[in-house]
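Only one structure is covered here, and it is reproduced in the block below.
The values are calculated or read from the model by the stated rules, or taken from the named source; none is laboratory data. No experiment lies behind these values; they were computed from the predicted model shown. A quick note on method: Cβ atoms are made from the backbone with ideal geometry, for glycine too, and the neighbour counts reach across all protein chains shown.
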Amino acid sequence: MKKVFAVLLSLMLIVFCAAAMAETAADDKICTYVVYNTTGEKVTELYLIDNASGEKGENLAGENGLADLDCVSITGENYEGYVKTLSFKTEIGYEAAFTTLHFENVPISLLPAPKAAAEGTDATTGATPISFTAPSLTATYTLVNQTGEKIKEVTFTNNVDGTAFATVTDLDKDATFPYSIGYPADKTGKESFELTLKFVTESGYEGTFTTLHFETVTINLLSADAMTGATQISFGPAPAAE
C-alpha cells in the first residue's frame, strides 16, 4: 500500500510540475525548467547558479530532498547573456553539474551516477549528467470483470490526440487483469492525456467511461444490475464475492 501511495504521489507531483511549465511557456521574461529526479536515489542538493555572479540561492531539492521520480519546477528570469549552471548532489555523494543552461522552457532529467561514481571510485569525465527529456512513467489500470460474463474486448483511447492503445481481449468472468500504459511524464496532465475506456461483453452489453486520467487504480467493470451511479465502472477494490 505504501508503494502504491508513493507512486500516486509522484504522479500528482509530476502533473503539477508539467502544469507549471504550461502556465509560463508563453512568458518571454520567465522560463521554467521542470527537473525530474531519475538518478535512482534521493537528490539532497539542487542549485541553479548564475554563471555571471556565482549566486547560488536556495537548495531547490527542499529540506527533505527530492525523492527518486519526483520533480520540481524551477523558474529563471531572463537577462542579457543569461547562462546558468544546474548542479546537484545525491544521497551517495555523487555530484554533477551542467554548466551551460540557457533561457528556455524544457524538461530536465537528472541522470544516474556513472558506474565508477556509484562504486565510490573516480568517475570518468565528459558524460552529460542531465537529459533534456522527461522520463517515461507507467499508469496501471487493474481491470476486474464484474459483469457476470466474459468481456470480448476493452479499449483505451486518448481523447486529446486520438491515440488508441492495445486492446484487452477475452477477459473471463471475475478475472483480474493489470493493464499498463507508459507515457512521457510531461504528457500525463489533463491537457494532453485523458482516456475513454470502453468494453463489450459476449452478450453485446457495452460500458463506457470517458474521463480516465493517468493514474494507478483498480477499475471494476460492472453489469447493468451492479451499477450504483451513471457509469458502468467503479474505482477501488473489487466487491467481495457473495
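Under the condition of being among the aromatic types (F, W, Y) and without any contact (Cβ under 8 Å) to a residue 60 or more places away in the chain, the residues counted in the range 206-226 number 1. Where strands (runs of 3 or more DSSP E) fall entirely within the range 150-242, those with at least 3 residues that are touching a strand residue (DSSP E or B) at 6+ places or on another chain (Cβ under 8 Å) and among the hydrophobic types (A, V, I, L, M, F, W, C) are at 151-158, 195-201, 217-222. Please verify whether the range 134-152 includes one or more residues that are at pLDDT 95 or above, surrounded by fewer than 19 Cβ atoms within 10 Å (Cβ to Cβ), β-branched (V, I, T) and over 19 Å from V34 (Cα atoms). Yes: one or more hits.
Does the range 77-89 contain at least one residue that is in contact (Cβ under 8 Å) with a residue 24 or more places away in the chain and touching a helix residue (DSSP H, G or I) at 6+ places or on another chain (Cβ under 7 Å)? No; the residues of the range 77-89 include none that is in contact (Cβ under 8 Å) with a residue 24 or more places away in the chain and touching a helix residue (DSSP H, G or I) at 6+ places or on another chain (Cβ under 7 Å). The conditions of being without any contact (Cβ under 8 Å) to a residue 60 or more places away in the chain and under 30 Å from N37 (Cα atoms) are met by D161. Where residues in the range 78-122 are modelled with pLDDT of 95 or more and of a type in the set (D, E), which of them is farthest from E45 (Cα to Cα)? Among residues in the range 78-122 that are modelled with pLDDT of 95 or more and of a type in the set (D, E), the one farthest from E45 (Cα to Cα) is E104. Scanning the range 189-223 for residues that are out of contact with any Asp or Glu (no Cβ under 9 Å at 6 or more places or on another chain), among the hydroxyl-bearing types (S, T, Y) and closer than 16 Å to T157 by Cβ gives T196, T208. Could you tell me whether G40 is more than 21 Å from T133 (Cα to Cα), assigned to a loop (DSSP other than H, G, I, E, B) and either more than 23 Å from the chain's Cα centre (by Cα) or not aliphatic (A, V, I, L, M) (or both)? Criteria not met by G40. Checked against (1) touching a residue at least 12 places away in the same chain (Cβ under 8 Å); (2) not assigned by TED's automatic domain parsing to the domain that holds F98, A127 passes all but a single condition, namely (2). Among residues of the range 182-206 being more than 11 Å from P135 (Cβ to Cβ) and among the acidic types (D, E), the one that is surrounded by the most Cβ atoms within 10 Å (Cβ to Cβ) is E194.
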